[in-house]
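The structure appears below as structure tokens.
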Amino acid sequence: MSVGEGRFAGLELVQSFVNTLDQRGFVLHGRPLQPADALATPAGLAGWLTGAGLLDGPVSADAADLRLAHALRAALRAATVQPGEPALPAGAPEPAWPELDGLLRVRFGPHAAPVLAPAGPGVPGALALILGEAVNAGADASWRRLKMCPAPDCRWVFLDRSRPANGRWCDPDRCGNRMKTRSYRARTATKEPR
């Protein structure tokens with residue numbers, strides 16, 4: 001799982017991380033999608049971070065690392081919800097923001113601009129790299145391009161690459177059409193004479 005290079009490389013890393021929680025539950029090309037969590041276990045977390053190139057060599061994760069990863073992912077996912085859409089699905093826990101304190105530090109080099117750097121090594125340091133990319137995207141205003149699909153049976157986080165950054169659906173032909181069809185059917189069902 002490599003993350004792309006170029007203008008949106010940092011956002012692609014964040015997108016890949018938040019989509020480790022796949023909540024899609026619709027039928028795609030005749031195949032029902034089942035919600036899944038790639039970070040369900042500490043080993044899954046360590047494997048994902050290694051595969052993303054954020055950890056070198058065999059590093060193990062523990063339950064505290066997994067809680068931290070889940071807190072970061074929940075906070076980032078909540079921040080991708082588009083204006084006017086519900087932030088969390090019914091029954092979902094609120095993101096644990098305080099757990100994220102201390103992941104990043106500001107570092108200064110001689111005659112260098114300040115940069116965000118992980119506060120520590122290992123799994124927390126790798127998670128800090130993801131958080132740092134989100135902070136950088138907020139600073140350069142590209143964060144608004146990372147959006148959560150508003151389809152309740154999707155909730156996939158996508159990178160809006162359109163020039164005006166006004167995309168709404170992860171895939172207009174898939175989720176956009178499904179949701180427009182549902183809305184049309186709901187409107188016409190209430191207009192039918194009885």
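Selection within the stretch 37-58: residues that are under 16 Å from the mean Cα position of the chain (by Cα) and touching a residue at least 40 places away in the same chain (Cβ under 8 Å). The member of this set that is surrounded by the most Cβ atoms within 10 Å (Cβ to Cβ) is 45. Candidates are the residues of the stretch 17-69 that are of a type in the set (A, V, I, L, M) and in contact with a Phe, Trp or Tyr (Cβ under 8 Å, 6 or more places away or on another chain); the one that is modelled with the lowest pLDDT is 33. Of the residues making up the stretch 59-84, those that are hydrophobic (A, V, I, L, M, F, W, C), buried (at least 17 other Cβ atoms within 10 Å of the Cβ) and closer than 12 Å to residue 41 by Cβ number 3. Residues that are under 29 Å from residue 118 (Cα atoms) and either in contact (Cβ under 8 Å) with a residue 12 or more places away in the chain or buried (at least 20 other Cβ atoms within 10 Å of the Cβ) (or both) within the stretch 134-154 comprise 134, 135, 136, 137, 142, 143, 144, 145, 146, 147, 148, listed in sequence order. Of all residues in the stretch 17-36, count the ones that are within 14 Å of residue 171 (Cβ to Cβ), touching a residue at least 60 places away in the same chain (Cβ under 8 Å) and outside any strand (DSSP E or B). Looking only at that region, the number is 3. Annotation note: Cβ proximity below 8 Å between a residue of the stretch 106-130 that is touching a residue at least 40 places away in the same chain (Cβ under 8 Å) and more than 18 Å from residue 58 (Cα to Cα) and a residue that is surrounded by 12 or more Cβ atoms within 10 Å (Cβ to Cβ) and aromatic (Phe, Trp, Tyr) (sequence gap 6+ or interchain) occurs for 130/17.
The values are calculated or read from the model by the stated rules, or taken from the named source; none is laboratory data. Keep in mind the model is a prediction, meaning the values are calculated, not measured. No Cβ is skipped: glycine too gets one built from the backbone with ideal geometry, and neighbour counts run over all protein chains shown.
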